[in-house]
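Values quoted throughout were computed directly from the atomic coordinates according to the rules given, and no laboratory measurement underlies them. Treat the numbers as computed from the prediction; the structure is a model and nothing was measured. In this analysis, Cβ positions are derived from the backbone assuming ideal geometry, glycine residues included, and neighbour counts consider all displayed protein chains.
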């Protein structure tokens, strides 16, 4: 099997993505569910562990 064929098989098929109509998507509101702690909260937790 030639090396060119191996590389060709690894390329993703993006034909469907290129023709996708973004207008069909519904609008959604994204809500932050898991916020990261602030530096102050981390320091406070470190102080409480000791």
message = So if each residue of separation counts as 0.36 nm, and I subtract the Cα-Cα distance between residue 45 and residue 31, what length gain in nm does that give?
response = 2.5 nm
note = Placing each pseudo-label 7 Å from Cα in the direction of the beta carbon, residue 38 and residue 20 end up separated by a distance in nanometres of 3.7 nm
